[in-house]
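A.B. asks: Got a structure here, written out as structure tokens. Questions coming.
The values are calculated or read from the model by the stated rules, or taken from the named source; none is laboratory data. Please read these numbers as outputs of a predicted model, since none were measured by experiment. Quick reminder, even Gly has a Cβ in these numbers, built from the backbone with ideal geometry, and neighbours come from all protein chains shown. Surface accessibility is based on the protein's heavy atoms, side chains included, excluding ligands, DNA and RNA. Shrake-Rupley method; radii C 1.70, N 1.55, O 1.52, S 1.80 Å.
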Amino acid sequence: MPPRPDRPTGPADERPRVARFTRAEHRVHQATATLMALCVLTAGCLYLPFLAELVGRRALVVTLHEWSGILLPVPLLLGLGSRALRADLTRLNRYGPHDRQWLRAALRRRGGRPAGKFNAGQKLYAAWIAGAVLVMLGTGLLMWFTSLAPLAWRTGATFVHDWLALGVVLVIAGHVWKALGDPESRRGLRTGSVDAQWARREHPLWDHESNAP
């Protein structure tokens, strides 16, 4: 009986692999993750008293937080020169019936989760984090440049900025948690390729999606 295609049949280094990400996409992800981590860490130092006392140098922390936030969209904007990145952004922004099926199965913790190159959870995460970054950037600018808006606007911006920041931290924590549980996915981002059997099991519609007009 031949081996099942969704199970490893030999050492990981000897099994067939398929290209998933380019070097440009890896660099965009790495730079964005670094800036986001700097934003989160400096925010913690500004809002949590024990971290503020431990780190000190509040003026420097404020400057790092402001500029890491301003620069956060830059890696993605620069990466738009990559055809592969633009193609993946299109995939992330395209939803189909299989995405609803994936979400229903995920909520019920069942198998049978059809996905293209990106599953519905990854698409929702990408959309949510992109929107959150834009809102955080806008509210942050109102807080930074106090002459841009009246006091009532700045007060509202501070409220939105602070609570959305908490949401961002929780969502990113979930993203990291899922990544820690999927070493092949992390390996694909790091090396650019993934195990072919993993791809067929986790993203069975990937080939069909690539051939679609």
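A.B. asks: Treating the angle as unsigned and between 0 and 90°, give the value, to the nearest 10°, between the Cα long axis of helix 58-71 and the longest Cα principal axis of the chain.
C.D. replies: 50
A.B. asks: Express in nm, to one decimal, how much length is gained between Arg57 and Trp153 on full extension, taking 0.36 nm for each residue of separation and deducting their alpha carbon distance.
C.D. replies: 31.7 nm
A.B. asks: Rounded to a whole number, what is D in µm²/s for the chain from Stokes-Einstein with the Kirkwood radius over alpha-carbon pairs (37 °C, 0.692 mPa s)?
C.D. replies: 167
A.B. asks: Exactly which trypsin sites (Lys or Arg not before Pro) in the range 145-213 are in a DSSP loop and have at most 16 other Cβ atoms within 10 Å?
C.D. replies: Numbers: sites: Arg154, Lys178, Arg186, Arg187, Arg190, Arg200, Arg201; in loops: none.
Within the range 145-213, no trypsin sites (Lys or Arg not before Pro) qualify (loop, at most 16 other Cβ atoms within 10 Å).
A.B. asks: Related question: Using each residue's phi in the range 108-118, evaluate 6.51 cos²θ - 1.76 cosθ + 1.60 at θ = phi - 60° and report the 3J(HN,Hα) Karplus result to the nearest Hz, with x for Gly and Pro.
C.D. replies: Ordered by residue, 3J(HN,Hα) equals 8, 6, 10, x, x, 10, x, 8, x, 4, 10 Hz.
A.B. asks: Sticking with this structure for a sec: How large a share of the accessible area of the chain, in percent, is made up of carbon and sulfur atoms when the probe is 1.4 Å and the other protein chains stay in place? Please list the in-between numbers first.
C.D. replies: Details: 9190 of 14000 Å².
That fraction is 66 percent.
A.B. asks: Turning to a different aspect of this structure: What's the angle, to the nearest 10 degrees (0 to 90), between helix 120-144's Cα axis and the longest principal axis of the chain?
C.D. replies: Between the helix axis and the principal axis of the chain, the angle is about 10 degrees.
A.B. asks: Here's a follow-up. Find the relative contact order for the range 114-213 and round it to a whole percent, using C-alpha pairs within less than 8 Å whose residues are 6+ positions apart.
C.D. replies: Rounded, it is 43 percent for the range 114-213.
A.B. asks: Based on Cβ point charges of +1 for Lys and Arg and -1 for Asp and Glu, what charge dipole magnitude is obtained for the range 79-213 about its Cα centre, in debye rounded to the nearest 20? If you can, show how the numbers build up before the last one.
C.D. replies: Working: 19 positive and 9 negative charges, 79 e Å.
Dipole magnitude for the range 79-213 comes out near 380 debye.
A.B. asks: Now a separate question. With θ set to phi - 60° and the Karplus curve 6.51 cos²θ - 1.76 cosθ + 1.60, what are the ³J(HN,Hα) couplings of the range 164-171 in order, to the nearest whole Hz, using x for Gly and Pro?
C.D. replies: 5, 4, 5, x, 4, 4, 5, 5
A.B. asks: Now for a different question. In degrees between 0 and 90, to the nearest 10, how far off the longest principal axis of the chain does helix 83-92 point, with axes built from Cα atoms?
C.D. replies: That works out to roughly 90 degrees.
A.B. asks: Evaluate the distance, in nm, between pseudo-label points positioned 7 Å from the Cα of Glu66 and of Ser193 along their respective Cα→Cβ axes.
C.D. replies: Result: 4.7 nm between the two label points.
A.B. asks: Continuing with the same structure: Would you look at the GNM of the chain, springs on alpha carbons closer than 10 Å, and say which of Leu76, Leu85, Leu51 moves the most?
C.D. replies: Leu51
A.B. asks: Oh, and also: Collect residues whose amide H, placed 1.01 Å from N in the peptide plane, falls under 5 Å from the amide H of Arg20; neighbours closer than 5 in sequence don't count.
C.D. replies: Counting only residues 5 or more places away or on other chains, the set is Ser193, Val194.
A.B. asks: Next question. Can you work out the accessible area per residue across the chain, with the rest of the protein chains kept in place, probe 1.4 Å, in square angstrom?
C.D. replies: 66
A.B. asks: Could I ask something else about it? Using a ≥ b ≥ c from the Cα gyration tensor of the range 83-146 (square roots of the eigenvalues), is it rounded, prolate or oblate, where a/c under 1.5 gives rounded and otherwise the larger of a/b and b/c decides, a/b for prolate? Provide the component values of the computation, followed by the final result.
C.D. replies: Details: a/c = 4.51, a/b = 1.97, b/c = 2.29.
The shape class here is oblate.
A.B. asks: If you don't mind, there's one more thing I want to ask. Do you know the relative contact order of the chain, to the nearest whole percent, from alpha carbon pairs under 8 angstrom that are 6+ apart? Don't skip to the answer; put the middle values down first.
C.D. replies: Values: 193 pairs, mean separation 64.0, N = 213.
Reported relative contact order: 30 percent.
A.B. asks: Mind listing which chymotrypsin sites (Phe, Trp or Tyr not before Pro) in the range 11-82 are in a DSSP loop and have 16 or fewer other Cβ atoms within 10 Å? Let's see the in-between values first.
C.D. replies: Numbers: sites: Phe21, Tyr47, Phe50, Trp67; in loops: Phe21.
Answer in residue order: no site qualifies.
A.B. asks: Something else: Can you work out the FRET efficiency for the pair Arg23 and Leu170, with r the C-beta to C-beta distance and R0 = 25 Å, to the nearest 0.05? Don't skip to the answer; put the middle values down first.
C.D. replies: Numbers: r = 31 Å, r/R0 = 1.24.
Efficiency, rounded to the nearest 0.05: 0.20.
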